[in-house]
Protein chains: 2
Amino acid sequence: MRVLIPDLPEFRALDVPGIEAAYYRADQLPDGDFAGVVAWGLPRAMRERVLARPNLKWVLTLTAGIDGWPDLLPPGVTLYNAHELHDAAVAQHAAAVLLASGRGLIRFAQARHWARGAAEHGPLWTLKDRQVVVWGYGHIGRELGDLLAPFGAQLTGLRSHSTPQEIGAALAMADDLLLLLPLTDATRQIVNADVLGQLRPGAWLYNLGRGELVDPAALLTALDSGHLGGAVLDVTDPEPLPDHDPLWGRSNVLITPHIASTTADMSQRAAGYAAGVLGQLARGEEPPNKVELEKGY
Amino acid sequence: MRVLIPDLPEFRALDVPGIEAAYYRADQLPDGDFAGVVAWGLPRAMRERVLARPNLKWVLTLTAGIDGWPDLLPPGVTLYNAHELHDAAVAQHAAAVLLASGRGLIRFAQARHWARGAAEHGPLWTLKDRQVVVWGYGHIGRELGDLLAPFGAQLTGLRSHSTPQEIGAALAMADDLLLLLPLTDATRQIVNADVLGQLRPGAWLYNLGRGELVDPAALLTALDSGHLGGAVLDVTDPEPLPDHDPLWGRSNVLITPHIASTTADMSQRAAGYAAGVLGQLARGEEPPNKVELEKGY
């Protein structure tokens, strides 16, 4: 089975029986037909060229999200994702930012002066008895629940089948609202002025899903009014966030550049994961994580 | 039993059978004799005046450390501390800063620009398989171990009876060296140029113990040379750290103003803890956490 593979040392080192590798770069696509493509750092322009090849049967995307792929896929091409590759790191990143806001680390990291007394310290809390609402509760949310249990945090998960009543009740009691939703037509700007207004004064918002989940104007208004205690954004709208954006430089806003799942050994881990899936495909087995295109994730 | 109690609403609300409260402020001490004192925000100058009263039998200090008290205590006066009051918050704070450095939160909190690509992101890691060495492994260390287990961190504890060989082996493998030691003659500047030199290049230092555990000049040298990956300091030498100190404003140094155990409900928790101990003393029971003065903690 001939497969398009990223031209990176970690992927070149793979040797999977039954797989003939054809290496691509961001600006160079090998000739001929392929049964599938391992998509890792594949620019959007290149995707269409890959999908135009006849006889393509599957795409394995190693990124956490699948934005863009479903709309591009021709009929009969199967999409697999690789959420296992990202879940553990994202869950740890979520724990990191939930703790960072409570311990004042955002403002202390910016300070050049020893703050004295409670007024200068600002509010400080631990995760004990903290009401953490995870909107988009799936693999990552469950892993986060395991991480936070010893801290005494109270986790509430909202899923796609949660009722408006359940959502309303969760928002009303949330100290921390963590977004892990995929981006679909149903979730675009799901966090708007109305939703932010339902949060308790001082609640924090954490977006590790997609920037477009949040209405940026409503977010800014909620921060400026002081209703929102603060925000931690690993994804933004637009993304990258422009240098002149008013979200930069605030003592209660932490912006990380879409690195929630990034670790130094990311390419190594991605190649290892791809090898496992390629082995299954070569043996005619069905790999996990087939994307249900009608759901959008 | 007449007892000196802080003149704060949370403590005034206490009603412990057998305890007659006499309220003090930082600048005002009631007349007469006292069986004991609940020390909370008691300035050093005031301590000597309290200890000079005849018939004083015990001191309950609600702070985490006991610096200063042992040297002042007259013979026959018992010192109790209140580490339970602080252990849980300090352990959560330790987890917070261990995660913050790995997820790049210190430099991202300072940034006003969307970093692109691995070079700009800088090193990122999770706690999975991270070698965390806790120097001063006691109540807090054990609690931290429980918190970090689900993250996959590998915790090694060093105690006062650890051998030089054990210490050397732990330092050589540490990715993160966390100081939770009390300050004694034996631990003053225990982290010197030699110790820092035994760490792996890129290792991080976290001091949640006392500022004087670390030689400040050696720390600065190790940061400037790049041997140390970074440092997180909740305590400093001197403390407060002066505004002109060269540790401020670095992207790999986080300074927090001695707030590792602070939470918004701190006074409330302290008063509740004190009520429990006062009840035991009034009933003639031996409270926990009698300080072993010869050990210094």
(request) Kindly establish whether B:Q131 is among the polar types (S, T, N, Q), surrounded by fewer than 23 Cβ atoms within 10 Å (Cβ to Cβ) and in the same structural domain as B:L158 (by TED's automatic domain parsing). (result) yes
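Can you name the residue in segment B:143-152 that is in contact with a strand residue (DSSP E or B) (Cβ under 9 Å, 6 or more places away or on another chain) and without any contact (Cβ under 8 Å) to a residue 24 or more places away in the chain and, of all such residues, is farthest from the other protein chains (Cβ to nearest Cβ)?
Of segment B:143-152, the ones in contact with a strand residue (DSSP E or B) (Cβ under 9 Å, 6 or more places away or on another chain) are B:144-145, B:148-149.
With without any contact (Cβ under 8 Å) to a residue 24 or more places away in the chain added as a condition, the list becomes B:145, B:149.
On the way: B:G145: 10, B:A149: 8 Å.
Ranking the candidates gives B:G145 first.
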(request) Name every residue in segment B:219-273 that is among the hydrophobic types (A, V, I, L, M, F, W, C), touching a Phe, Trp or Tyr at 6+ places or on another chain (Cβ under 7 Å) and under 15 Å from B:E84 (Cβ atoms), in order of residue number. (result) B:A270, B:A271
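Residues checked against (1) under 27 Å from B:G209 (Cβ atoms); (2) surrounded by 14 or more Cβ atoms within 10 Å (Cβ to Cβ):
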{"residue": "B:D15", "(1), (2)": "no, no"}
{"residue": "B:A22", "(1), (2)": "no, yes"}
{"residue": "B:F34", "(1), (2)": "no, yes"}
{"residue": "B:W58", "(1), (2)": "yes, yes"}
(message) Return the residues of segment A:282-294 that are closer than 22 Å to A:H139 by Cα and assigned to a loop (DSSP other than H, G, I, E, B); say none if nothing qualifies.
(response) A:E286, A:P287, A:P288, A:N289, A:V291, A:E292, A:L293, A:E294
(message) Criterion first (more than 14 Å from chain A (Cβ to nearest Cβ), touching a residue at least 12 places away in the same chain (Cβ under 8 Å) and not in a helix (DSSP H, G or I)) does B:L228 satisfy it?
(response) yes
(message) Report every pair of residues separated by at least 6 positions or lying on different chains whose Cβ atoms are under 8 Å apart, first residue within segment B:158-169 and in the same structural domain as B:I190 (by TED's automatic domain parsing), second assigned to a helix (DSSP H, G or I) and surrounded by 13 or more Cβ atoms within 10 Å (Cβ to Cβ).
(response) B:L158/B:E166; B:L158/B:I167; B:L158/B:A170; B:S162/B:A170; B:G168/B:Q198
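Conditions (1) outside any loop (DSSP other than H, G, I, E, B); (2) among the charged types (D, E, K, R); (3) within 13 Å of chain B (Cβ to nearest Cβ), marked per residue:
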position: A:L254; (1), (2), (3): yes, no, yes
position: A:T262; (1), (2), (3): no, no, yes
position: A:Y273; (1), (2), (3): yes, no, no
position: A:Q280; (1), (2), (3): yes, no, no
(request) Any residue in segment A:264-289 that's of a type in the set (F, W, Y): show its pairings with residues that are in a helix (DSSP H, G or I) at Cβ separation under 6 Å, as long as the two are six or more apart or on different chains. (result) A:Y273/A:L85
(message) Among the numbered criteria (1) under 27 Å from A:Q110 (Cβ atoms); (2) in a loop (DSSP other than H, G, I, E, B); (3) over 18 Å from the mean Cα position of the chain (by Cα); (4) more than 14 Å from every other protein chain (Cβ to nearest Cβ), which one does B:G209 miss?
(response) (3)
(message) I'd like to verify a number: residues in segment A:112-142 that are more than 7 Å from chain B (Cβ to nearest Cβ) and among the hydrophobic types (A, V, I, L, M, F, W, C), how many?
(response) 7
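Out of B:L127, B:L99, B:L79, which single residue is among the hydrophobic types (A, V, I, L, M, F, W, C) and within 23 Å of A:R250 (Cβ to Cβ)?
Of B:L127, B:L99, B:L79, the one residue that is among the hydrophobic types (A, V, I, L, M, F, W, C) and within 23 Å of A:R250 (Cβ to Cβ) is B:L99.
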(request) Please give the number of the condition B:I66 fails out of (1) touching a Pro at 6+ places or on another chain (Cβ under 8 Å); (2) at the interface with chain A (Cβ under 10 Å from one of its Cβ atoms); (3) touching a residue at least 24 places away in the same chain (Cβ under 8 Å). (result) (2)
(request) For A:H161, state whether it is of a type outside the set (S, T, N, Q), surrounded by fewer than 15 Cβ atoms within 10 Å (Cβ to Cβ) and part of a loop (DSSP other than H, G, I, E, B). (result) yes
(message) Can you pull out every residue in segment A:7-49 that is without any contact (Cβ under 8 Å) to a residue 60 or more places away in the chain and part of a strand (DSSP E or B)?
(response) A:E20, A:A21, A:A22, A:Y23, A:Y24, A:R25, A:Q28, A:V37, A:A39
(request) Scan (1) within 14 Å of chain B (Cβ to nearest Cβ); (2) touching a helix residue (DSSP H, G or I) at 6+ places or on another chain (Cβ under 6 Å); (3) not small (G, A, S) for the single condition A:P242 breaks and write down its number. (result) (2)
(message) Just to be sure before I move on: is A:L98 farther than 30 Å from B:H258 by Cα and in contact (Cβ under 8 Å) with a residue 40 or more places away in the chain in the structure I sent?
(response) no
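So which residues in segment A:83-136 are among the charged types (D, E, K, R) and part of a helix (DSSP H, G or I), if there are any at all? Give the steps one after another, and end with the answer.
Residues of segment A:83-136 that are among the charged types (D, E, K, R), as a first pass: A:84, A:87, A:103, A:107, A:112, A:116, A:120, A:128-130.
Scanning segment A:83-136 gives A:E84, A:D87, A:R107, A:E120.
Give B:L223, B:L181 a once-over and let me know the one that is in the same structural domain as B:V97 (by TED's automatic domain parsing), in contact with a strand residue (DSSP E or B) (Cβ under 8 Å, 6 or more places away or on another chain) and farther than 16 Å from B:A94 by Cα.
Numbers: B:L181 fails: farther than 16 Å from B:A94 by Cα.
None of the others qualify; the one that does is B:L223.
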(request) Give the residues of segment A:137-158 that are over 30 Å from B:D87 (Cβ atoms), at pLDDT 95 or above and not in a loop (DSSP other than H, G, I, E, B), sorted by residue number. (result) A:L158
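Does any residue of segment A:156-168 turn out to be over 17 Å from the mean Cα position of the chain (by Cα), within 12 Å of chain B (Cβ to nearest Cβ) and over 16 Å from A:G209 (Cβ atoms)?
Of segment A:156-168, the ones over 17 Å from the mean Cα position of the chain (by Cα) are A:156, A:161-168.
Then keep just the ones that are within 12 Å of chain B (Cβ to nearest Cβ); that gives none.
No - not one qualifying residue is present in segment A:156-168.
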(message) Anything in segment B:114-156 that is of a type in the set (D, E) and at positive phi? List them, or say none.
(response) B:D129
(request) Could you grab me the full set of residues in segment A:164-190 that are at pLDDT below 95 and of a type in the set (S, T, Y)? (result) A:T184
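The values are calculated or read from the model by the stated rules, or taken from the named source; none is laboratory data. None of the values given here were measured: they were computed from a predicted structure. No Cβ is skipped: glycine too gets one built from the backbone with ideal geometry, and neighbour counts run over all protein chains shown.
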